[in-house]
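Beneath this line is the structure, given in structure tokens, with notes to follow.
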Amino acid sequence: MAIELRGLAWDHRRCWGPLDASVAPYRASHPDIRISWDRRSLFEFGEGRIEEVVRRYDLVIFDHPFIGDIAAAGLMVPFDACLSETERRRFEMDSVGPSWRSYQALGRQWALPIDAAAQVAACRPDLLAAYTERFPASYADVLDLARNLRSDGKWIALPLVPTDAMCLVLSLAAGAGETIGANGGFLPRTSVERIVGELRELAALAHPGSREWNPIRCFDHMVTHDDTVYVPYAFGYVNYAARHEGPALAFGDVPSSPPRGALLGGAGIGVSAFSKHPDAAAEYALFLCSETYQRGDYVAHGGQPGSRAAWLDDAVNEQTRGFFRDTLATLDGSYLRPTHPGFVDFFREATHKIVAAIDGEMAPAALAGWLDRRYALSLAGAQPDRRAV
């Protein structure tokens, strides 16, 4: 009897392209297994309810901040039993930045890093060349470029939908060497005030569409319009570097020397604890995350691999105009956000508070107080009293 595996991806070619492409070659060597992949929105991928989707799917592509909740509730099957010590060590050595570690909790490995990403910088190289020979290396350089662009009727960009606004706060904090979560709070008031001030300054110089843009919408605009030249922080998408028609984007390190602190993104693949075929699902996940598939068909079909070997591969970089080579330093210095149970709920609630502060509707000091109180509740595992926070 055939085994049927259902998987859930998020709806961008970077995710579903190599998954869909894997089905036929995998079935060629596993004819008793049938595989199908459904898709959900990027928002649901990052902020949806993981406890709901694991009940309907054998395999789920998800964002690593869910790991604390997954481990606490036992929502997925750890990979530990599937990995020999040699295989575990190989995954550790093949990690891009802290990607492998990001799927660990309670001493177990709850997912494999199938995709690696972080907030990086991007530009239209054909347009940027008129202003500078290199990517901005500091916040001051970004401001200088933004002002020069405005004098010519052009813009920088800054994805500022609520989810990305919160990600920017985390990146700017970590990039400045701040310790998020020290002493049970989120960040010192002075740090929050500095970050909000910088984001207000950048937002004032950024394309007006930035407030409705996530990275995909931002990059879509950049490759179809000639008015937006550079973005200092946005989760990288190799697809925009590998374009064959029309302008392509170049990607590079964030404006920090050395590049550090940019928020780690990417995606993991996990096996649902409710799957009727967990062993078959885990074997297929290991195939998808193998070095051979990751540096071959995974990239060829639009994927952004989690394998370091792929990021260092000369042929892979040739196919993608150096996307991986040119951003690896930022990935290696990237910041792994908290993953304790309750962090995702804190993150969801904080996103709109951050936007209110950037828009001048909430004082930075008030934001700092709210973040501290709500973050402390997340650490304690308490349900917040909405009137108190």
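The values are calculated or read from the model by the stated rules, or taken from the named source; none is laboratory data. Remember, predicted model here, so these are calculated numbers, not experimental data. Don't worry about glycine lacking a Cβ; one is built from the backbone with ideal geometry, like all the others, and counts go over all protein chains shown.
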Tell me which residues, restricted to the stretch 246-304, are assigned to a strand (DSSP E or B) and without any contact (Cβ under 8 Å) to a residue 24 or more places away in the chain.
none
Out of 152, 141, sole residue that is assigned by TED's automatic domain parsing to the domain that holds residue 373 and either touching a helix residue (DSSP H, G or I) at 6+ places or on another chain (Cβ under 8 Å) or free of Cβ contacts under 8 Å to residues at least 12 places away in the same chain (or both)
152
Sort out which residues of the stretch 12-36 are surrounded by fewer than 16 Cβ atoms within 10 Å (Cβ to Cβ) and among the acidic types (Asp, Glu), and write them in order of number.
32
Out of all the residues in the stretch 281-297, is one or more surrounded by fewer than 19 Cβ atoms within 10 Å (Cβ to Cβ) and closer than 27 Å to residue 140 by Cα?
no
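Only one of 348, 321, 374, 325 is of a type outside the set (Asp, Glu) and not in a helix (DSSP H, G or I). Can you tell me which?
321
What residue, of 61, 70, is assigned by TED's automatic domain parsing to the domain that holds residue 300, surrounded by 21 or more Cβ atoms within 10 Å (Cβ to Cβ), more than 29 Å from residue 300 (Cα to Cα) and not aromatic (Phe, Trp, Tyr)?
70
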Please go through the stretch 1-19 and give me each residue that is among the charged types (D, E, K, R) and over 21 Å from residue 54 (Cβ atoms), ordered by number.
13, 14
Of all residues in the stretch 125-180, which are aliphatic (A, V, I, L, M), in a loop (DSSP other than H, G, I, E, B), under 17 Å from residue 227 (Cα atoms) and in contact with a strand residue (DSSP E or B) (Cβ under 8 Å, 6 or more places away or on another chain)?
157, 158
Given the criteria in the same structural domain as residue 173 (by TED's automatic domain parsing), surrounded by 20 or more Cβ atoms within 10 Å (Cβ to Cβ) and either aliphatic (A, V, I, L, M) or assigned to a loop (DSSP other than H, G, I, E, B) (or both), does residue 234 qualify?
yes
I need the full set of residues from the stretch 136-165 which are within 23 Å of residue 304 (Cβ to Cβ) and surrounded by fewer than 24 Cβ atoms within 10 Å (Cβ to Cβ), in order please.
161, 163
